[in-house]
Every structure is written in structure tokens, then in C-alpha cells.
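A quick write-up on the structure given underneath.
Each value in this text was obtained by applying a stated rule to the coordinates, not by laboratory testing. The shown structure was predicted, so the numbers you read here are calculated from the model rather than taken from an experiment. Counting neighbours? That spans all protein chains shown, and the Cβs are built from the backbone with ideal geometry, glycine included.
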Amino acid sequence: MRRKHERLLPRPRENQPGSSPGPTGVRLPRILARFETELSVRFAARTVPAYLADVHVFLAWLEGRGVDLSDVRTQDLLAYQADLYAARKKDGKPYSQSVQTNRITAMKSFFRFLYRRSYLLHDPAAAVDYPRSEVRLPRSILTKKEARRLVEAPDTSTLAGLRDRAILETFYATGVRVSELGKLTLQDIDTEERILRVVQGKGGKDRNLPLTKAAAEAIEEYLVKARPNLRGARRSAFLFLAPRGGRMHRSTLGDVVHRWAKQAKIKRSVTCHTFRHSVATHLLQGGADIRHIQVLLGHRSLQATERYTRVEVSDLREVIRRAHPRGK
């Protein structure tokens, strides 16, 4: 039996505003395949499956309510948004604001696609607002002493230690995303000019980032002493090589950071993303302009960077100690 949300979408009427003749008898799987193709042009490879998964969650919700995709109204989508807010996971906790936003974003993107491709005569999701964004402070920020202990933790008498030291120095120098660091190639690094080039970063944008002297020297030492002797060095163009050769993926880089954080006796949770938070905070504390930090981190909007301008507790504690009548 055909599921309700697998029914054929009607052919758009001609001479309607914003519509044009579309395919007749197109089943949902084929439409989803075309939607996937469009997503693959706009987003990074790992983003596409996430969008599709969220769309399937929405389609399952429609099926549960007995609503056909071609009959969806704005009221239905507002009900879906309300259900997302009220939904609970298996442990009884609500879904995070980011999960809700991602699912609404995927749903709106899907309907925008259906409207533009003339599968629907109007976009019922256009009037649905995104959930209000929560502005949260980063959970974990390294102190300057902790950051130094961490980047200097690897044993540089070994090949893996030289590689890991270069990875940690690069993270701390530039604040690049883990996905961006993993994709770096030999052509993206100029240790003489101390330049790192991020190609097709988040949002499909390129950017050039300056390397610190320590990072440039660590990368140069890795390239000269370690990389030529690592497995797969001749076949791979990637800068940092995994133990079995080839690209280092997110989980492998996370293991590197976790292992050396433990070695450096840092008790708090440290991830690759911790470096982004720490770099931004340390630069701000050092007097850097927030717009420069925005470019460094590759943030699309200044609002994403501004959360780092929140006063640190340690800074506030010092102000209280100096200025409050009962602080001393």
C-alpha cells in the first residue's frame, strides 16, 4: 500500500503567479533525489544527509497526522513546530534548540524547493518563523597556561608526536573548524609566509589565515622529519595523515586532542572545538578587534562572534576584588 506522503504531487496549474508547468506523476522518492542534488550544490557533503534526515522526520509526522504533502497548510507547519517544542527524547529531556532549528530549517528549505520547482503553487512554510536563537557562552575555554601545556604535550621524538604537535599548534593558531583542518592539503600551507588557506570552508567560502611562528615551525618540522615517513605519504595530498594513511577525520582528530589534553593533566573536557572558543577569547583579552576575529573564525555574521565578548568570570572576579567595598 502506498503511504500517504508518497502520493503523486499534482501538476501545477498554468498561468498561476510564481508557477510553471511541472512534471506529472512524480513520486516523492524522485523529488527527494532532486532535492538532494540541489542540497549537494549548496552545502558540504556531510550537511546533506542531515537535511534529508530532518525532512524524513517531517514526512513521518505528516503521515502520522494523515496529511498529504500537497495539502499542507501553514497551520499544519505551525503545529509541527509546536510538537517539536513539546517533544521529548527517550530520557525525558526536550530536544535542544539547535535540533528544533535544524528541523525547521530543513522543512522550510524543502518547501522552498517544492515551490521553486513548481511542485506546489505556494510555499506554506514561508510564514513559519525560526525558533528564537539562544545565546550561550562556550562551555569550555582553556586558560592560556592550559593551552600552552596542551600544544606542548606531544612527544616530538616520535613521528606521531611531531604530527600531533603540528595539529595542536594549527588549531590554537587559527581556530579552524575540525572539518577544515582535516581537509588541508600540502598546497594550502606556506610555512615561509606563515599562511594557511582554508578552501571551501563552511558556507563554501575560502579564507587565508596567518600562522603563528610556533605553528609555522611545528608544521615545517613535521613536513621535513615526519610526514615523508608516514604511511601513504606519497599517495596522499592531505597535510595531516591518519595512522593508516589518507585524511584524518573528525573522530581521529578528536582522539588526538583528547589524548594530549589528558597527558597535559587538563581535567576539563577538551575537544577540537574548544580551541575555537579559546582562540577567540584569548585574542579578545589581548585587545584584538572583534571583526578581525570574525574573519579568522569564518563566521558569516558578527553576532556569532559577539558571544565571546561576554565578560569572563575570572575577569569579573578581579574587578570585584579591586573595586567592591567588601571585595578585598
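Set the Förster radius R0 to 22 Å, insert the Cβ-Cβ distance between Glu217 and Glu193 as r into 1/(1 + (r/R0)^6), and round the FRET efficiency to 0.05. Intermediate results must be reported in sequence, preceding the final value.
On the way: r = 14 Å, r/R0 = 0.61.
For R0 = 22 Å, the calculated efficiency reads 0.95.
Can you give the net charge of the other residues whose Cβ lies under 11 Å from the Cβ of Gly298, counting K and R as +1 and D and E as -1?
Local charge sum for Gly298: +4.
Run the reach check for Lys205 against aspartates and glutamates, Cα to Cα strictly under 12 Å, same-chain hits fewer than 8 apart removed. What comes back?
Glu180
So what's the net charge close to Arg116: Lys and Arg +1, Asp and Glu -1, counting the other residues with Cβ under 13 Å from its Cβ? Numbers along the way, then the final one.
Numbers: positive: Arg34, Arg42, Lys108, Arg112, Arg117; negative: Glu38, Asp123.
With Lys, Arg at +1 and Asp, Glu at -1, the neighbours total +3.
To the nearest µm²/s, what D does Stokes-Einstein give for region 141-211 at 4 °C and 1.567 mPa s, using the Kirkwood radius over alpha carbon pairs as Rh?
D, rounded to a whole number, is 99 µm²/s.
So how far apart, in nm, are the two label points at Leu121 and Val295 if each is 7 Å from Cα heading toward Cβ?
Distance between label points: 5.1 nm.
Between the alpha-carbon centers of region 46-93 and region 205-233, tell me the distance in whole angstrom.
Here the answer is 45 Å between Cα centres.
What FRET efficiency comes out for Arg46 versus Arg322 if R0 is 30 angstrom and r is the Cβ-Cβ distance? Round to the nearest 0.05.
0.05
Assuming 0.36 nm per residue, please report the length gained on full extension of the stretch Arg27 to Gln97 beyond their Cα-Cα distance. Show your work: numbers first, answer last.
Details: separation 70, 0.36 × 70 = 25.20 nm, distance 3.25 nm.
Extra length from Arg27 to Gln97 when fully extended: 21.9 nm.
For region 64-219, list log₁₀ I(q)/I(0) at each q in 0.08, 0.18 Å⁻¹, using the Debye formula over Cα point scatterers of equal strength and ignoring solvent, two decimals each.
-0.45, -1.05
Using 0.36 nm per residue, how much length does the chain from Lys89 to Arg207 gain when fully extended, once their Cα-Cα distance is taken away?
Extending this stretch completely gives an extra 38.6 nm.
Among the listed pairs Lys108/Lys202; Lys144/Lys183; Lys89/Lys145; Lys90/Lys202; Lys213/Lys267, which have their C-alpha atoms separated by more than 30 angstrom in this model?
Lys89/Lys145; Lys90/Lys202
Looking at the P(r) of region 144-319, how many percent of alpha-carbon pairs lie beyond 23 Å?
Details: 6071 of 15400 pairs.
Taking all Cα-Cα pairs of region 144-319, the fraction more than 23 Å apart is 39 percent.
May I ask for the net charge around Ala126, where only other residues with Cβ less than 13 Å from the Cβ of Ala126 are counted and Lys, Arg are +1 while Asp, Glu are -1?
With Lys, Arg at +1 and Asp, Glu at -1, the neighbours total +2.
Evaluate the Debye formula for region 22-136 with equal point scatterers sitting on the alpha carbons, no solvent, and hand back log10 of I(q)/I(0) at q = 0.14, 0.19 Å⁻¹, in q order, two decimals.
For region 22-136 at q = 0.14, 0.19 Å⁻¹, log10 I(q)/I(0) is -0.60, -1.10.
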